[in-house]
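Have a look at the structure below, then the notes.
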Amino acid sequence: MSYLALRCTSTNFSPKSGAGISTSAGIPDFRSPETGLYANLARLNLPHAEAVFDISFFRQNPFPFYTLANELYPGKYRPTITHSFIYLLHKKSFLLKHFTQNIDCLDREAGVPDDMIIEAHGSFAKQGCIDCQAPYPDDLMHQAIEHKDPPHCQKCDGLVKPAIVFFGEALPAAFHANRDLPRQADLCIVIGTSLTVQPFASLPSFVPEEVPRVLINLEQVGGLGSRPDDVLLLGDCDGQVKKLAEACGWLEELEELWRKTAPREVKELGKEKKVQTKEESMEEEIEKLTREVGTSLNLAKEHDVATRKELEKEAGRHLGGETEKAVSTDGPAQSGISEKGLSMKSEDDDLEHVFPHLKSNLS
Ligand SMILES: [Zn+2]
């Protein structure tokens, strides 16, 4: 890896089945019965699991989202060594821009500054009114999430939500404004991805032919490996990143940076979390609910399709001819905007487009 060049773009795409850079941070799969979270969501009368990220459902009932947000809010999880590696690239002035589909803010917590990050699907870093778009203060948001209590706009009383891209919403303007940056990179590093969600997945194709691209992932994906200068580092992200850092003579520095991401607060929050899950007097009930939800999720498929069609119409009206804008509204892979509007992917629908690390493992 001696050619690590002056400026690089790191693109942290959506991880596939645990290969991503945040799964090793312990961020839970909310569908996993073990976390109890799914069962907790079930109590909140969701028509189907994905509704928690439907903007139209959110308008009617924001409580399920705030329940989930309480679990996932930044501060509860520690960045991984891979997040620290991205910060290290910045610290060494190698980073041109960091594109991510993750909304967990772990790159920020590792030290990567705001202006170096493009969060293609938004994140918890900012929040605002869904009607008048007025920003909402961080400290009040923090309290709202802590109490799972959806806050209202101070100007128009509309609902406030974190700037996470929901089904039916456009990608952030910052993504479109920066999506050509890979053309300027001297090196492109792609970490933890299934490389399926457009338009994000096409970023590496913008990298000029003669510029090396490095894929750090559990498996080969997309067109990575098709060019003579592509480098594939296959395996778990953290392990491969360490190897890369070692080859650059940076391992010690990287590990030192990562050590600093384990502040006391993280440990205390960990404790807090244990107290939370102590509602385990309800364990039996949760188990039962989880089984029921498994069944009702199947039943909800039909409803799901109907809801999506509705959204499709709505989004189609909303977007008119602008095709790229709405790509986030559909599921991963092949979907995109057809001439008729959005093409929604109904099979294997999961939240990969928003919560890449929350890949469904429901069986
Ligand atoms: Zn407002």
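The values are calculated or read from the model by the stated rules, or taken from the named source; none is laboratory data. A quick note: this is a predicted structure, and the numbers were derived from the prediction, not measured. All Cβ positions, glycine included, derive from the backbone under ideal geometry; neighbour counts span all protein chains shown.
Does F58 fit the bill of being more than 16 Å from the ligand (Cβ to nearest atom) and among the hydrophobic types (A, V, I, L, M, F, W, C)? Judged against the criteria, F58 is not a match. Taken over the stretch 44-95, the criterion of being within 19 Å of L106 (Cα to Cα) and β-branched (V, I, T) is satisfied by T80, I81, T82, I86.
I216 passes every criterion in (1) assigned to a strand (DSSP E or B); (2) hydrophobic (A, V, I, L, M, F, W, C); (3) modelled with pLDDT of 95 or more apart from (3). Out of all the residues in the stretch 53-87, which are under 15 Å from the mean Cα position of the chain (by Cα) and without any contact (Cβ under 8 Å) to a residue 40 or more places away in the chain? Selection gives L68 alone.
Out of curiosity, is F57 in a helix (DSSP H, G or I), farther than 21 Å from K126 by Cβ and at pLDDT 80 or above? The answer is yes for F57.
Residues of the stretch 241-254 that are part of a helix (DSSP H, G or I) and under 23 Å from V190 (Cβ atoms): V241, K242, K243, L244, A245, E246, A247, C248, L251, E253, L254. All but one of (1) within 27 Å of R179 (Cα to Cα); (2) more than 16 Å from the ligand (Cβ to nearest atom); (3) polar (S, T, N, Q); (4) not in a helix (DSSP H, G or I) hold for N45, so report the exception by its number. Condition not satisfied by N45: (1). Just to be sure before I move on: is V190 farther than 17 Å from F65 by Cα, away from the ligand (no atom under 16 Å from the Cβ), assigned to a loop (DSSP other than H, G, I, E, B) and not hydroxyl-bearing (S, T, Y) in the structure I sent? No, not satisfied.
Within the stretch 154-173, residues that are free of Cβ contacts under 8 Å to residues at least 24 places away in the same chain reach no partner that is among the hydroxyl-bearing types (S, T, Y) and more than 9 Å from the ligand (Cβ to nearest atom) with beta carbons closer than 7 Å at six or more positions or on different chains.
The residues listed here are A134, A163, A144; of these, the one that is surrounded by 13 or more Cβ atoms within 10 Å (Cβ to Cβ), aliphatic (A, V, I, L, M) and farther than 27 Å from H98 by Cα is A144. So, L106, is that one more than 18 Å from the chain's Cα centre (by Cα) and of a type in the set (A, V, I, L, M, F, W, C) or not? So L106 does not fit the description; no.
Go through the residues of the stretch 194-206 one by one and say whether even a single one is closer than 22 Å to I55 by Cβ, crowded, with 18+ Cβ neighbours inside 10 Å and of a type in the set (S, T, N, Q). Yes: the stretch 194-206 contains one or more residues that are closer than 22 Å to I55 by Cβ, crowded, with 18+ Cβ neighbours inside 10 Å and of a type in the set (S, T, N, Q).
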